[in-house]
Amino acid sequence: MSTTPWWQASVIYEIYPRSFQDSDGDGVGDLAGILERADYLAWLGVDAVWICPIYPSPMADFGYDVADYTGVDPLFGTMADFDHLVAALHERGIRLILDFVPNHTSEKHPWFQEARASGESPRRDWYLWRDPGPGGGPPNNWVSQAGGSAWTFDEATGQYYYHAFLKEQPDLNWRNPTVRRAMYDALRFWLAKGVGGFRVDVLWHMIKDAGFRDDPLNPSYVEGEPDFRRVRPVHSADQPEVHEIAREMRAVLEEYPGERLLIGEIYLSVERLVAYYGADRDGVHLPFNFNLMWAPWRPAAILALIEAYEAVLPAGCWPTWVLGNHDQARVASRLGRAQARVAMVLLLTLRGTPTLYNGDELGLENVPIPPERARDPFGLNMPGTGQGRDPQRTPIPWDQTATAGFTTGEPWLPLGDGHESRSVEAQKADPESMLALTRALLDLRRRERALSLGDWHTLAVAGDVLAFVRIFEQRRLFVVLNLDAVPKNVRFEESLSGRIELSTDPKRTHDHVGDRLELDGDEAVIIVPR
Ligand code: GLC
């Protein structure tokens, strides 16, 4: 019997619920919609779905402003819908991971309403209040991730409150033990319902410097960049005490059977990131590693990143990789359509648990949003800085009808030109589609433990070609990726001769390779050596 936890061999699929499937014609996706697509998720072959927030929310940040941690927003459905979805996914062998947003609540959360009512409120200390700084301005120079100062003045009580994001998202005071207890009880509520774990929103922001010291200015800030680049968040984020919280959350998960998974959202370099596994591997199981999203798309840079990550990964900890999410530009827009296929091969053959963003399996690109349809407050607050996240949050095209089978109403964000040919229906019928490639990769990954659990070794970096080996017990698989559009004729010291098990060009699958490998432009192959 294997002692490997389920999530090490798994692929996680991120669902942005507003845009996945609408069931009631209001143009916004919902839980019953996800249920309708449960068979698709099983057909695709993912092991777990992480669903972005579905809690009651005023939707200032589309659900990342939570007004009740143990409810479901009517926009998304009911608690009964949630329970049905968990059951339907479990029947298909898929776990449901919830998005937990502990750093901040909505300003409409009763806790904040009570806290702001008076300086004497017993809930006052649940949030971060400070007197004005000298001259009546904000208490310090901390900058909101959503633009502008991170402090908002509250007329009624004459103090400022802190918000790392929107002013509608006041930060909780995680140094207060009562806050911790209340939030851990919210975790227990969902754990008892059978969720497979949590993705913890902005974990690295949860504790701030106790003395609220100014952040140092960022010398490399360039005018026109988003505000948060103005300072280096030395005191406002990634504080040592945050690891205590990760440890406590982990302990709450461990009160329940079934290896519940704790993932942390952490935008840090690999060197800082790995601290979130915990000093005794008692922190989060998987601190999201986003660094592949910024790595220059060159073999040497990617290899350097993989090696740097593997080098700092503490013993016994499991890696994880991400190529896209609801906050970042679509991978097909960053790298181009052809390289997005190569990137999918990379994501699903690297050592570590991959997270796949819904729509990336269709090769969706950023959808241009006309200004009058822009919805994301980050974009609206920081115009001209490219911070708007609507383009990567557009609805999933399911079929070739005008509203793509996503809704019978008006989709909350536009579908984008050419959505018909990108639809699941169209791509299911095309063996050369991105969807077919993704599904074949997921299938191969499930069959080949070398790809999921195997060791990883570099084979070569030759110009534009990156090659590595995955090994499990005696089984070896070579992965060779051409990161360029020009065909390559490659020969490595170690003979590649064998059979192509999978190629981005399905016509090449099952071809035999000898000492030399002719790689087409934008081609990636997985080879089973002889
Ligand atoms: C995370 C979420 C993002 C949200 C922010 C504030 O980064 O992924 O969508 O806006 O936290 O909660």
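Some observations on this one:
- Extension gain for residue 108 to residue 154 (0.36 nm times residue separation, less C-alpha to C-alpha distance): 15.1 nm.
- Accessible solvent surface per residue of the chain, calculated while the other protein chains remain in place, 1.4 angstrom probe, Å²: 37
- Every helix of 4 or more DSSP H residues in the chain counts as -39500 (n - 2.57), and over all residues that averages to -6500 deg cm²/dmol at 222 nm.
- In this simple spin-label approximation, residue 193 and residue 78 carry label points 7 Å from Cα along the Cα→Cβ vector, and these lie 1.4 nm apart.
- For region 419-473 versus region 1-68, the spacing of their alpha-carbon centroids is 23 Å.
- Convex hull volume per residue, computed on the Cα atoms of region 369-409, equals 81 Å³.
- Counting DSSP beta bridges with both ends in region 82-198, the antiparallel % (nearest 5): 80
- Mean separation of Cα contacts under 8 Å, 6 or more apart, over the residue count of region 269-358: relative contact order %: 28
- Modelled FRET efficiency - R0 30 Å, residue 247 with residue 125, Cβ distances, 0.05 increments: 0.85
- Within the chain: Cβ-based charge dipole about Cα centre, in debye rounded to nearest 20 (Lys, Arg +1; Asp, Glu -1): 1140
- Whole-Å distance, taken between Cα centres, linking region 148-170 and region 194-215: 18
- Counted charge near residue 195, where neighbours are those whose Cβ lies closer than 14 Å (Asp, Glu -1; Lys, Arg +1): +1
- Of the GluC sites (Glu not before Pro) found in region 336-435, those that fall in a DSSP loop while having at most 15 other beta-carbon atoms within 10 Å are 432.
- Peptides 178-189, 505-516 ranked from most to least packed give 178-189, 505-516, packing being the mean of other C-beta atoms within 10 angstrom over each peptide's residues.
- Virtual spin-label span in nm between residue 372 and residue 420, 7 Å along Cα→Cβ: 2.5
- When each of the peptides 342-348, 109-115, 381-387 is scored by the mean number of other C-beta atoms lying within 10 Å of its residues, the order from highest to lowest reads 342-348, 109-115, 381-387.
- At R0 = 56 Å, FRET efficiency that the Cβ-Cβ distance of residue 212 and residue 6 yields, to 0.05: 0.85
- Across region 10-25, computed HN-Hα scalar couplings (Karplus, 6.51 cos²θ - 1.76 cosθ + 1.60, θ = phi - 60°) run 9, 10, 9, 10, 8, 10, 8, x, 4, 10, 8, 7, 8, 10, 10, x Hz from first to last residue, x flagging Gly and Pro.
- On the principal axes of its alpha carbon atoms, region 359-514 extends 57, 36, 31 Å, with the longest extent given first.
- Ranked order, 353, 408, 152 - accessible area, probe 1.4 Å, largest first: 408, 152, 353
- Sites listed here are trypsin sites (Lys or Arg not before Pro) in region 358-401 whose DSSP assignment is loop and whose Cβ has at most 16 other Cβ atoms within 10 Å: 375.
- Beta bridges assigned by DSSP with both partners in the chain are antiparallel in approximately 60 percent of cases.
- Cα-based Rg of the chain normalised by 2.2 N^0.38 Å, two decimals: 0.98
- Other residues within the sphere of radius under 10 Å centred on the Cβ of residue 44, judged by their own Cβ, net out at -1 (K and R +1, D and E -1).
- Computed 3J(HN,Hα) for region 179-188, one whole-Hz value per residue from the Karplus formula 6.51 cos²θ - 1.76 cosθ + 1.60 where θ = phi - 60°, is 4, 4, 4, 4, 6, 5, 5, 5, 4, 4, glycine and proline marked x.
- Solvent-accessible area of residue 407 with every protein chain in place, 1.4 Å probe, in Å² to the nearest 10: 10
- Distance (nanometres) between label positions extended 7 Å along Cα→Cβ at residue 312 and residue 24: 4.5
- Residue 271/residue 443 FRET efficiency (R0 56 Å; Cβ-Cβ; nearest 0.05): 0.95
- A straight chain from residue 511 to residue 234 at 0.36 nm per residue would run longer than the Cα-Cα distance by 94.4 nm.
- For residue 519, net neighbour charge (Lys/Arg +1, Asp/Glu -1) across residues whose Cβ lies under 12 Å away: -4
- Sulfur and carbon atoms: percent of accessible area, the chain [1.4 Å]: 51
- Under-5 Å amide H pairs with residue 66, H placed in peptide plane, nonlocal only: 106
- Aspartates and glutamates whose Cα lies under 13 Å from that of residue 507, excluding same-chain neighbours fewer than 8 positions away: 430, 432, 520, 523
- Close amide H partners of residue 231, meaning residues 5 or more places away or on another chain with modelled amide H under 5 Å apart, are 218.
- All lysines inside 28 Å of residue 108 as judged from Cα atoms, apart from same-chain residues fewer than 8 positions distant: 167, 193, 208
- Mean Cα-pair separation over length for the chain, i.e. relative contact order, pairs under 8 Å, 6 or more apart, %: 13
The values are calculated or read from the model by the stated rules, or taken from the named source; none is laboratory data. Note that the structure is a prediction, hence the values are computed from the model and not measured. Glycine also receives a Cβ, built like all others from the backbone with ideal geometry; neighbour counts cover every protein chain displayed. Quick note on the areas: whole protein, heavy atoms, side chains included, nothing else; ligands and nucleic acids left out. Shrake-Rupley method; radii C 1.70, N 1.55, O 1.52, S 1.80 Å.
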